[in-house]
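Chemist: Starting off with a structure, shown below.
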Amino acid sequence: MAASARLLSLAAGMTAALAFQGFAIAEDAASASADATLADIEKTWGFVPSFIRAFPSSALPGAWAELKALESEDSALSAKEKALVSVGVSAQVPCQYCVWLDTRSAYLAGATDEEIQEAIAMAAVVRHWSTILNGNQVDFEMLKQEFAEFDKAAMEMRRKTMAGP
């Protein structure tokens with residue numbers, strides 16, 4: 001029995017040591033990956049902003065990959081459309097840093113004052129009606145049925161309009 005307990009204790013100790021060693025190796029890999037990510041950010045943007053340095057290094061590679069993929073030119077939305085969505089969301093969050101950065105990005109992408117104002121107004125309208133729907137606990141299935149009927153009527157109206165006189 002004592003030999004079994006010693007063996008179990010030795011196995012537990014070795015498992016803990018291996019796990020700690022694995023953690024240290026993973027930590028070293030994460031640190032190297034974070035360093036490579038910081039180098040890529042500097043290469044891409046020309047500098048590394050302070051808010052990036054405030055982000056946890058273990059999560060930085062994934063966060064940068066996501067941001068870089070979504071901000072790339074090779075996507076479904078144009079840079080201007082992305083910036084306008086961002087301005088609206090930033091206004092609703094609300095985040096003064098994001099509103100400032102996203103408004104600047106929208107202007108750089110060619111957005112006009114009117115487009116920025118409309119994006120913010122659309123965010124406000126969505127927030128308003130979301131409050132009404134959620135607060136009143138509107139039946140979701142009923143809402144879907146009602147708008148399915150609305151869609152049919154709108155398509156019929158469009159068909160008639162497109163047909164002309």
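No lab work stands behind these numbers, since they all come straight from the coordinates. For clarity, every value in this text was computed on a predicted model and none was experimentally measured. With ideal geometry, Cβ positions are generated from the backbone for all residues, glycine too; neighbour counts draw on all protein chains shown.
Chemist: Using the beta-carbon distance between residue 68 and residue 126 and R0 = 30 Å, what value does 1/(1 + (r/R0)^6) give for FRET efficiency, to the nearest 0.05?
Modeler: Values: r = 27 Å, r/R0 = 0.91.
That gives a FRET efficiency of 0.65.
Chemist: Still on this structure, I have one more. Treating the range 70-165 as a set of equal point scatterers at the Cα positions, no solvent, please give the Debye-formula log₁₀ I(q)/I(0) at q = 0.15, 0.17, 0.21 Å⁻¹.
Modeler: Debye curve over Cα of the range 70-165, log10 I(q)/I(0) at q = 0.15, 0.17, 0.21 Å⁻¹: -0.82, -0.89, -0.96.
Chemist: Still on this structure: Could you compute the FRET efficiency for residue 57 and residue 96, with r as their C-beta to C-beta distance and R0 at 25 Å, rounded to 0.05?
Modeler: Values: r = 26 Å, r/R0 = 1.04.
Once the sixth-power term is evaluated, E becomes 0.45.
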